[in-house]
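Step one of this worksheet: look at the structure below.
The values are calculated or read from the model by the stated rules, or taken from the named source; none is laboratory data. Just so we're clear, the structure is a prediction, and the values are computed from it rather than from any experiment. No Cβ is skipped: glycine too gets one built from the backbone with ideal geometry, and neighbour counts run over all protein chains shown.
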Amino acid sequence: MNKPFLWRVGVIVAALLFFLFGIFGVPNSFSGGGLLAAMTKRINLGLDLRGGTHLILQVKVNDAVNVVAQNAIELLKESLSKRKIEYTDITQPDLQNNPDHILLKGVQASARGDLLSIVQDDLPEYDITGAADNSWILSMRPQQLADLKNKAVTQAIETIRNRIDALGVTEPTIQEHGLGQYQILVQLPGVDDPERVKDVMQNTAMLEIKQSLGGPYPSEQAAMQAQPSGILPADAMLLPGHSAPGAGPDEEAWYVVSRVSAVSGKDLRDAQASTDQNGQPSVSFTLTGEGGQRFYNFTSAHVGDSLAVVLDNKVQEVANIKEPIRDTGEISGGRMSEQQAKDLSMILRSGALPAGITYLEERTVGPSLGADSIRAGVRAAVIGMLAVLFFMLIYYRGAGINADVALILNLIILLGFMGYFGAVLTLPGIAGVILTVGMGVDSNVLIFERIREELRNGKTPPSAVDQGFSHAWITIVDTHVTTIVSAAILFIFGTGPVKGFATTLTFGLLANLFTAVFVSRVIFDYVLSRKQRGEALSI
Amino acid sequence: MEFFRDVNIDFLGKKWYFLAFSLVFSVAGVFSMLFWHHIPWGVDFRGGTLVYVKFSHTPNLNEIRRTMDRAGLHDPKIQTYDRPALNEVLIDLDVRETNEAALDRGKLKIIQALETNVPAGKQDLNNASSLTIKNYLMDKDPMHLGSDADQKYTAQAQAIVDYRDKTLGGVLNSIDELKGAPDTNPAVLASLPDGFFVSDFHTFDVAIVGPEVGGQLRRQAGLATLYSLAGMLVYLGFRFEWIYGVAAVITVFHDTLITVGAFSLLKQDISLTVIAAILTLIGYSNNDTIVVFDRIRENIKLMRREKLSDIVNRSINQTLSRTILTAGLTFLTVLALFLFGGEVLRGFSLALVIGILIGTYSSIAIAAPILVAYQDWRIEKSKRPGPVAGVGKPGKPALSAKAK
């Protein structure tokens, strides 16, 4: 028993305790049940094992770009008329794919300098290039455009998180998904009814209060015919609404409303579910100080007129302005249920989505499937592990014990790693654990076979062990590095379950370097130190 | 105990047999991929709607198919899932819609089509979510609760759903079966028959994948495989010589091709986890190849006068014991996974079972012969006078080992 040997044993015992703590923490009791409870508290189960809903959302970032582009168009029109620059038309030529492109047609050649300076001063985020026939194309600078799109995704994640938190889902995962495709991954453990969550998340909840200029009309044509010259005024727009009270629910209703909004969702301070004067569920809201001031100005100027509450471009309600209102309002009508009123108020509080979202993928795993999977996975792991342990013992006798100790320690370290890193155990992850057992034993086999070979070549046991370890070491490093490379790539590209697999495989292989090489060597040294000179090694 | 002592098999002498064997399997796989079953992408990659249904009785697949047909869902793939005793069926609607909302409707349509003889005004307890049950209880208020009803009924609903799914396996034969459920209030259970009935099935797993995600995943899986191969090539080129990297990558490509080909021949769905298994195989097969290469590198230094083919043969034989043992042990664990790991891991473990056999074979039968063939080609070339003459001196192995 020399000093370095004791020191190495100390390292192993410390590692064992450290990783056991990683798995169990400090359990309440040391019974089987207590340990299991402590373990499940430290190691998180993936969605495929505990049941729940997994969604992938696409953020329509072009919506957000379009909003900015429309503001830019308004600004441009204003500046052009201020400097008395004539133009024939201003459009977005490719609304679908490049909503940031603005096409300005028919500007006289002499106004070129003025136009360039307008863009430079008022629209610094835009580039302008000349096109044929006195046309100009404005497009957003690539950097600005990318920032805007990324901001839309970040904002959408934030809003969705607020909404899901408000629904009371525990431990949701909401994060950007994929590689620059503007997608969001949402995982909701324990949620067995994705419909409501989906509705709540998808709701853009764009609230606006506009002046109502006429309606309801039974159809779009009727609304147009009601206009003085058969066309809409430039500052008005036509919006669909809920059918008028008393009419059938399928009957159409159209309203003519002002293009500008008096207040919008941004001006909300709070929203609560309540009931309206008819006892129907409704949502009442309060405005911020600044929004309230604007609302007061608007309602003071329009006493006697009507206002329209517009949600997601649909007129919810039209009301008469009896007196100036400062900071409160109500959304009713539309035959809301109590639950809908509650959800809507929550959605309004959480803020509007900067862009629409669509669902690309949805998976719901029932808890019964998860429980079955765990049982099957654990059973396979135990059977596989026992088979390997048993075989090593038979084939290598004394050294087999060595390998088995290393293998069990490997497993403890792997699980401990997962406990410390908060890694998620998925079903493929359990498979990864099993595979680690199989691949982990490879290092032991490599070393043992080499030692046997050296013994056959006439080396003494201590020198055979020494040679076996040093020769096998190079091979072990090479094999581990290449496998970790493929696991790392899996981790980068994979999602959910596959990521869990890559994690366990990587941790398992790292742990294996320690157990198969370091721990195994210490055990050999111990065995050799107890042997007489010339006594054979059990391998 | 020792299986392989002093073996001396002339592996390189059998290279033509190996080549024939590999060719037969690769070509069969490629033919199947091109002309027969094609690449059987799973729902993760092709998009579509999968609904897993558990019945309370032995399901009649033809009857289900007719029911689906009546509901306007044509040609769904309907098959028994897992062990027949579990009465589980997988209904697979291939994606024809490009629109995600239409996919969503597919799921509802399947459930509605299967729910026959629905009593008026009642909901299906076997397919009710805890939220549905809670809303019903809130409405009925069987416990006559005042203020914190929401919380209490949520817990009640959760207890009912947990008992149904975790203890009874998802399907109730009658509402009475809930009597044994822990933490439930008798008044709550007594109120259920007024608003619920039980159907003969329970949907326990649903996957809806839009075509866009599928395409994106296919690209990603391809890229991941390519990056993985490139990573190997670079690392091995750096640690050994570039020809070792090339040989290893060709070997791994051969393994991947045969594994994917086998999936096509067997018409087994390639899911995301199967791709994970294939990427693991790339690592595993490389393991084996590297062990042999390491030995070749070592022996080249020790046996300078011998022919490379002898060195390679000797190296393979020296490591044969280890190769077979490790492969055998890993195979053992993977086989346990395949046999006992349950249906969800079936494809994954199948890929590993095939891959480990092929990966072990290929490191002996493909990787090493490539090295020798390259060496022979270089010697051949340097014999002829030409612009590249003198690159490798005849008689001395052109392959060398870098310092450790």
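Here is how the numbers come out for the structure above:
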{"quantity": "Some residue of the stretch B:317-324 being more than 19 Å from B:Leu352 (Cβ to Cβ), at the interface with chain A (Cβ under 10 Å from one of its Cβ atoms) and without any contact (Cβ under 8 Å) to a residue 24 or more places away in the chain", "calculated": "yes"}
{"quantity": "Single condition B:Thr58 does not satisfy, out of (1) among the polar types (S, T, N, Q); (2) closer than 23 Å to B:Ile275 by Cβ; (3) not assigned by TED's automatic domain parsing to the domain that holds B:Val274", "calculated": "(2)"}
{"quantity": "Residue match in the stretch A:487-504 (condition: farther than 17 Å from A:Tyr396 by Cβ, more than 10 Å from chain B (Cβ to nearest Cβ) and among the polar types (S, T, N, Q))", "calculated": "yes"}
{"quantity": "Matching residues in the stretch B:288-307 - criterion: being within 13 Å of another protein chain (Cβ to nearest Cβ) and either without any contact (Cβ under 8 Å) to a residue 40 or more places away in the chain or not in a helix (DSSP H, G or I) (or both)", "calculated": "B:Asp294, B:Arg295, B:Asn299, B:Leu302"}
{"quantity": "Failed item in (1) surrounded by fewer than 22 Cβ atoms within 10 Å (Cβ to Cβ); (2) more than 8 Å from chain A (Cβ to nearest Cβ), with B:Phe263 passing the rest", "calculated": "(1)"}
{"quantity": "Residues of the stretch B:131-187 classified as more than 10 Å from chain A (Cβ to nearest Cβ), closer than 29 Å to B:Asp205 by Cβ and hydroxyl-bearing (Ser, Thr, Tyr), total", "calculated": "5"}
{"quantity": "Among (1) modelled with pLDDT under 85; (2) within 25 Å of A:Gln183 (Cβ to Cβ); (3) touching a strand residue (DSSP E or B) at 6+ places or on another chain (Cβ under 6 Å); (4) among the charged types (D, E, K, R) - the single one A:Asp89 does not satisfy", "calculated": "(2)"}
{"quantity": "The stretch B:266-278: number of residues that are part of a loop (DSSP other than H, G, I, E, B) and within 12 Å of chain A (Cβ to nearest Cβ)", "calculated": "1"}
{"quantity": "Selection count, the stretch B:179-207, where residues are closer than 20 Å to B:Pro119 by Cα and either part of a helix (DSSP H, G or I) or among the hydrophobic types (A, V, I, L, M, F, W, C) (or both)", "calculated": "11"}
{"quantity": "Qualifying positions in the stretch A:325-351 - among the hydroxyl-bearing types (Ser, Thr, Tyr), modelled with pLDDT under 75 and not in a helix (DSSP H, G or I)", "calculated": "A:Ser332, A:Ser337"}
{"quantity": "Residue that is surrounded by the fewest Cβ atoms within 10 Å (Cβ to Cβ) [pool: residues in the stretch A:344-369 that are of a type in the set (Gly, Ala, Ser) and under 20 Å from A:Glu290 (Cα atoms)]", "calculated": "A:Gly351"}
{"quantity": "Restricting the stretch A:469-513 to residues that are of a type in the set (Gly, Ala, Ser) and surrounded by fewer than 23 Cβ atoms within 10 Å (Cβ to Cβ), the residue that is farthest from A:Leu185 (Cα to Cα)", "calculated": "A:Ser470"}
{"quantity": "Looking only at the stretch B:232-248, and only at residues there that are part of a helix (DSSP H, G or I) and buried (at least 21 other Cβ atoms within 10 Å of the Cβ), the one that is farthest from the other protein chains (Cβ to nearest Cβ)", "calculated": "B:Ala247"}
{"quantity": "Check on A:Thr159, in a loop (DSSP other than H, G, I, E, B), under 30 Å from B:Thr154 (Cβ atoms) and among the hydroxyl-bearing types (Ser, Thr, Tyr)", "calculated": "no"}
{"quantity": "Test for B:Ile296: is it β-branched (Val, Ile, Thr) and crowded, with 19+ Cβ neighbours inside 10 Å", "calculated": "yes"}
{"quantity": "Filtered residues of the stretch B:26-63 (kept if among the charged types (D, E, K, R), closer than 18 Å to B:Thr203 by Cβ and crowded, with 22+ Cβ neighbours inside 10 Å)", "calculated": "B:Lys54"}
{"quantity": "In the stretch A:370-380, the residues that are more than 7 Å from chain B (Cβ to nearest Cβ) and buried (at least 22 other Cβ atoms within 10 Å of the Cβ)", "calculated": "A:Gly370"}
{"quantity": "So B:Asp141, is it within 26 Å of A:Leu369 (Cα to Cα) and either surrounded by fewer than 14 Cβ atoms within 10 Å (Cβ to Cβ) or assigned by TED's automatic domain parsing to the domain that holds B:Phe55 (or both)", "calculated": "no"}
{"quantity": "Residue list for the stretch A:289-304, filter: surrounded by 14 or more Cβ atoms within 10 Å (Cβ to Cβ) and either at pLDDT 80 or above or of a type in the set (Lys, Arg) (or both)", "calculated": "A:Gly292, A:Gln293, A:Arg294, A:Phe295, A:Tyr296, A:Phe298, A:Thr299, A:His302"}
{"quantity": "Residue count, the stretch A:163-185 (criterion: surrounded by 15 or more Cβ atoms within 10 Å (Cβ to Cβ) and either basic (Lys, Arg) or not in a strand (DSSP E or B) (or both))", "calculated": "9"}
{"quantity": "Subset of the stretch A:202-225 (residues that are of a type in the set (A, V, I, L, M, F, W, C) and at pLDDT below 80)", "calculated": "A:Ala205, A:Met206, A:Leu207, A:Ala222, A:Ala223, A:Met224"}
{"quantity": "Test: residue in the stretch A:336-343 that is closer than 30 Å to A:Thr154 by Cβ, touching a strand residue (DSSP E or B) at 6+ places or on another chain (Cβ under 9 Å), crowded, with 18+ Cβ neighbours inside 10 Å and within 14 Å of chain B (Cβ to nearest Cβ)", "calculated": "yes"}
{"quantity": "From the options B:Leu281, B:Leu352, residue that is surrounded by fewer than 24 Cβ atoms within 10 Å (Cβ to Cβ), in contact with a helix residue (DSSP H, G or I) (Cβ under 6 Å, 6 or more places away or on another chain), within 11 Å of chain A (Cβ to nearest Cβ) and closer than 30 Å to A:Lys499 by Cα", "calculated": "B:Leu281"}
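Yes or no, residue by residue, for (1) within 9 Å of another protein chain (Cβ to nearest Cβ); (2) outside any helix (DSSP H, G or I); (3) under 35 Å from the mean Cα position of the chain (by Cα); (4) of a type outside the set (Gly, Ala, Ser):
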{"residue": "A:Arg397", "(1), (2), (3), (4)": "yes, no, no, yes"}
{"residue": "A:Asn410", "(1), (2), (3), (4)": "no, no, yes, yes"}
{"residue": "A:Leu415", "(1), (2), (3), (4)": "no, no, yes, yes"}
{"residue": "A:Gly440", "(1), (2), (3), (4)": "no, no, yes, no"}
{"residue": "A:Val445", "(1), (2), (3), (4)": "yes, no, no, yes"}
{"residue": "A:Phe448", "(1), (2), (3), (4)": "yes, no, no, yes"}
{"residue": "A:Glu454", "(1), (2), (3), (4)": "no, no, no, yes"}
{"residue": "A:Ile474", "(1), (2), (3), (4)": "yes, no, no, yes"}
{"residue": "A:Asp478", "(1), (2), (3), (4)": "yes, no, no, yes"}
